[in-house]
Amino acid sequence: MATVVKAACPLNCWDSCGFHVTVENGRVTKVEGDPDHPITKGKICGRGRMLETRTNSPERLLYPLKKVNGQFQQISWEQALAEIAAKFTKIKEKYGTTAVLHSHDYANNGILKNLDQRFFNCYGGVTELYGSLCWGAGIEAQKWDFGNALSHEPNDIYNSKSIIIWGRNAARTNMHFYEKLLEVKKLGAKLIVIDPLFNATAKIADEHITIKPGMDGILAAGIIKEILRLGLEDRTFIERSTYGFADLEKLINSISLEKVSEMAEVPVEVITNLAYVYAEKPTATFMGLGLQRYQNGGNTIRLIDALVAVSGNIGIPGGGANYANIQVGQSFAFEELTLPNRRKNHRLFSIMKQAEDVLTAKNPEIKMIVVTCGNPLTQVPDSTVVEKAFSSVETLVVIEQFMTDTAKIADYILPTTTAFEEEDFYYSSMYHHYVNYGPKLVQETPGEVKPDLWIWTQLAQQLGFGEDFNFTRDEWLNMTLKPLKEKGFTLEKLKENSTLELPAAKIPWQDKRFATPSGKFEFTSQLGQQKGFPGELTLALPDESKWSMPELAAKYPYSLLTIHPMRSNHSQNYHLLSGNIKLKVEIAQNIADDQGLQNGDQVRVWNDRGEVKGFVSILSAAHPNTINIDEGIWRRFGGPVNNLTSSRESDNRLGSTLYDCLVNLEKL
Ligand SMILES: Nc1nc2c(c(=O)[nH]1)N[C@H]1C(S)=C(S)[C@@H](COP(=O)(O)OP(=O)(O)OC[C@H]3O[C@@H](n4cnc5c(=O)[nH]c(N)nc54)[C@H](O)[C@@H]3O)O[C@H]1N2
Ligand SMILES: Nc1nc2c(c(=O)[nH]1)N[C@H]1C(S)=C(S)[C@@H](COP(=O)(O)OP(=O)(O)OC[C@H]3O[C@@H](n4cnc5c(=O)[nH]c(N)nc54)[C@H](O)[C@@H]3O)O[C@H]1N2
Ligand code: SF4
Ligand SMILES: [Mo]
């Protein structure tokens, strides 16, 4: 018998959709959208629908595996857990707990996935990662400017006169925002897309502005310059609610509009027009994450924030510097869940440079790496070094659903459940502020797969802190919701309604009181200064550019973007897609002309870090000298593109520089 049950998408994505999942004879057979979800309204993407395939795939890992003489052998859970627990004990005694590295990302947005941190903290504190490959530079930037990174609620877009979509590939990555763009466009709002690629969102825009990658901060400075020249700034906001404006003026006076235009490769008239668009309020700015994955990424977001501030578009309906919405995640009881005070030792590696740090770590060296919710061998930059580092440690434990590039080199693989096989609730701190409940839909899980939480609980028992994991799912979920209880937000209500709106600011900063040291919007950041940075805005450039590294730029003339794939969330779906998977090298028209390339030609793309081979697809409207290869592709399909990317950190040290990458290309 088929039943349709409300559930939630677990994927790391802007949208956090509500699902209707069909379950037949204990098996998930179809995933559709929940028409009652207030934001996602019954529509979901292919990645969501593919979760059925991910759950039922014959390629799933079903039993614990141990590598013996280079081959995986099936072992019992008893043996796997006993051997891994023994390693934890020995490492703690001999080297100290920080000889263990916990390498992870956020492949699953379930709140209980954070219990891995509780396990490692109760063990005594391991080497953990700081920063983010994804959005780190921009989050830190907005903390400097505003005190937090907050977005307007999705429906506030109906109040906007103009909408600037700045480096967000909405049609592909944030489909419900894209749906709203279609609607507001019909209602008369003006859409402008600023992006080196003519992406699907650009297709519906009134104007697509192509820009040289990494130059958006310079462009924002140019727009501010024009706003000030034309007297279009919001003087009241600047005088009453900002700090450091004189520093910003000085900076803006240090560059001419012509220079901005020449460097960003955006015509002067376009910059002047953008000044008028920003001044004719309300103008909403929606930044994506692409434009901050550069050495100058934090400063880029800060200059765009400054533009939004100077034009008076902060704290007003229809405005906003919308980048992320971390008030959502900030609503839950993380400390109670993860127990950071239980750590006795602690060491931090940068998520970007985790591989180099593994190779050079001393006192103690890394003896064991445990990977959860991540696939570092394809997703972390400079893959050659990542593979070397992760292969070099005595013990690599990977908790996975599939035989990924990372799982392949593991010493132990522990097979885990998919989202439909365990209960949790899901949220994303990127766009809207609803949390969605995800019940356990499959009662009899395949083979011997176990939830991550079961694995931590078993290991905790063997290591002598079982009581820290002695809670039921309901108790865990209630624990995370504690701060919300007095606002009437309970687990019972969440289960009953399937989705609940968190008590979050809908139009952030409406009272013009900011969470910065001065209480104002800070053009010059005191938090930045407290952390040892100058704190002033600059005209910083990408690292791999003709200005910062002229010799490198002569050798490698093209900018490589590695944006998120259409049909996969990062590396999660390539092996399950039908048809022949080929690595597509998308190139700007001028590259095709210069090198005499046609669609379908096989090419090699390389730099000093590595190479990939793939097939040409010419993008007629992309910015000159720009290449894109979608990220996430596995070694068996010609990847990973991270063979080419750099592990350098962004200016504020918390973001990646994945798109700050020069390459060359030749026909094979
Ligand atoms: N289909 C799909 N959707 C996803 C994901 C996925 O893997 N697949 N992943 C999810 C996750 S984890 C994230 S973080 C989000 C990311 O969501 P987005 O931010 O939308 O996606 P990105 O692919 O990171 O890059 C977005 C855009 O930035 C542009 N860009 C790159 N460099 C620059 C620049 O210098 N200036 C400007 N103006 N634009 C630039 C690219 O051309 C691209 O159009 O997507 C989420 N949604
Ligand atoms: N070149 C380049 N590299 C990038 C990016 C880019 O734009 N360009 N984007 C970056 C960004 S924004 C992000 S967010 C990262 C994402 O990096 P990752 O999160 O590492 O990538 P995913 O492929 O989403 O997921 C990793 C693995 O988690 C497993 N998994 C799924 N659910 C669970 C679970 O419940 N438990 C466990 N234990 N495992 C699970 C999946 O099977 C998958 O193999 O990649 C970054 N890397
Ligand atoms: S991946 Fe994103 S858009 Fe697709 S179903 Fe999940 S939450 Fe919705
Ligand atoms: Mo991400």
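The values are calculated or read from the model by the stated rules, or taken from the named source; none is laboratory data. Just so it is clear, the model here is predicted, and its values are computed rather than measured. Every residue, glycine among them, receives a Cβ derived from its backbone with ideal geometry; neighbour counts consider all protein chains shown. The protein model used for the area step is the full one, side chains on, heavy atoms only, and it has no ligands, DNA or RNA in it. Shrake-Rupley method; radii C 1.70, N 1.55, O 1.52, S 1.80 Å.
General remarks:
- Checked against the criterion of being within 16 Å of ligand 4 (Cβ to nearest atom) and not assigned by TED's automatic domain parsing to the domain that holds T372, the candidates G147, G138 yield just one match: G138.
- Residue within the stretch 549-558 that is under 16 Å from P213 (Cα atoms) and within 15 Å of ligand 2 (Cβ to nearest atom) present: no
- Residues of the stretch 9-23 classified as within 16 Å of ligand 1 (Cβ to nearest atom) and in a strand (DSSP E or B), total: 0
- Helices (runs of 4 or more DSSP H) (entirely within the stretch 348-452) containing at least 2 residues that are over 29 Å from Q295 (Cα atoms) and away from ligand 4 (no atom under 16 Å from the Cβ): 405-408
- Matching residues in the stretch 8-43 - criterion: being over 22 Å from P446 (Cα atoms) and within 16 Å of ligand 4 (Cβ to nearest atom): N12, C13, W14, D15, S16
- Checked against (1) within 16 Å of ligand 3 (Cβ to nearest atom); (2) β-branched (V, I, T); (3) over 30 Å from R172 (Cα atoms), I84 meets all criteria but (1).
Here's the yes/no breakdown for (1) surrounded by 15 or more Cβ atoms within 10 Å (Cβ to Cβ); (2) in a loop (DSSP other than H, G, I, E, B); (3) at pLDDT below 95; (4) not charged (D, E, K, R):
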| site | (1), (2), (3), (4) |
| --- | --- |
| F514 | yes, yes, no, yes |
| P534 | no, yes, no, yes |
| I563 | yes, yes, no, yes |
| H575 | yes, no, no, yes |
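- Screening the stretch 38-128 for strands (runs of 3 or more DSSP E) wholly inside it with 3 or more residues that are of a type outside the set (A, V, I, L, M) and outside the structural domain of V371 (by TED's automatic domain parsing) returns no ranges.
- Scan the stretch 35-44 for residues that are within 16 Å of ligand 1 (Cβ to nearest atom) and open to solvent by 30 Å² or more (accessible area, probe 1.4 Å) and the total you get is 1.
- Qualifying residues in the stretch 526-563 (those that are closer than 23 Å to L289 by Cα and in contact with a Lys or Arg (Cβ under 7 Å, 6 or more places away or on another chain)) - the one nearest to ligand 4 (Cβ to nearest atom): D543
- Single residue of the stretch 642-659 satisfying the filter (more than 15 Å from the chain's Cα centre (by Cα) and part of a loop (DSSP other than H, G, I, E, B)) that is surrounded by the fewest Cβ atoms within 10 Å (Cβ to Cβ): R653
- Whether a residue is surrounded by fewer than 19 Cβ atoms within 10 Å (Cβ to Cβ), in contact (Cβ under 8 Å) with a residue 40 or more places away in the chain and not small (G, A, S) was assessed, and E335 does not pass this test.
- Inter-residue pairs, beta-carbon under 8 Å, first touching a residue at least 24 places away in the same chain (Cβ under 8 Å) and in the stretch 227-243, second assigned to a helix (DSSP H, G or I) and open to solvent by 40 Å² or more (accessible area, probe 1.4 Å), 6+ apart: L228/E249; L230/Y276; L232/Y276; Y243/Q526
- I409 being among the hydrophobic types (A, V, I, L, M, F, W, C), closer than 21 Å to S76 by Cα and free of Cβ contacts under 8 Å to residues at least 40 places away in the same chain: yes
- Looking only at the stretch 109-135, residues that are more than 13 Å from ligand 4 (Cβ to nearest atom), open to solvent by 20 Å² or more (accessible area, probe 1.4 Å) and either of a type outside the set (S, T, Y) or at pLDDT below 95 (or both) come to 4 in all.
- Every listed requirement among (1) more than 15 Å from ligand 2 (Cβ to nearest atom); (2) assigned to a helix (DSSP H, G or I); (3) open to solvent by 20 Å² or more (accessible area, probe 1.4 Å) is met by Q142 save one, (3).
- Restricting N341, N345 to residues that are in the same structural domain as D468 (by TED's automatic domain parsing), open to solvent by 10 Å² or more (accessible area, probe 1.4 Å) and under 30 Å from S383 (Cα atoms) narrows the list to N345.
- Search result, residues across the stretch 123-139 that are within 17 Å of F349 (Cβ to Cβ) and touching a strand residue (DSSP E or B) at 6+ places or on another chain (Cβ under 7 Å): V126, T127, E128, L129, Y130, G131, S132, L133, G136
- Any chance L539 is under 26 Å from the mean Cα position of the chain (by Cα) and buried (at least 22 other Cβ atoms within 10 Å of the Cβ): no
- Scanning the stretch 310-334 for residues that are β-branched (V, I, T) and outside any helix (DSSP H, G or I) yields I314, I316, I326, V328.
- Exactly one residue out of K203, K190 is surrounded by fewer than 22 Cβ atoms within 10 Å (Cβ to Cβ), in contact (Cβ under 8 Å) with a residue 60 or more places away in the chain and away from ligand 3 (no atom under 16 Å from the Cβ), and it is K190.
- When the stretch 20-43 is limited to residues that are among the hydrophobic types (A, V, I, L, M, F, W, C) and in contact (Cβ under 8 Å) with a residue 60 or more places away in the chain, the one that is nearest to ligand 3 (Cβ to nearest atom) turns out to be I39.
- Failed item, numbered, when Y123 is tested on (1) closer than 20 Å to T406 by Cβ; (2) more than 16 Å from ligand 2 (Cβ to nearest atom): (1)
- Within the span defined as the stretch 411-421, every residue fails to be aromatic (F, W, Y), closer than 30 Å to V308 by Cα and touching a helix residue (DSSP H, G or I) at 6+ places or on another chain (Cβ under 7 Å).
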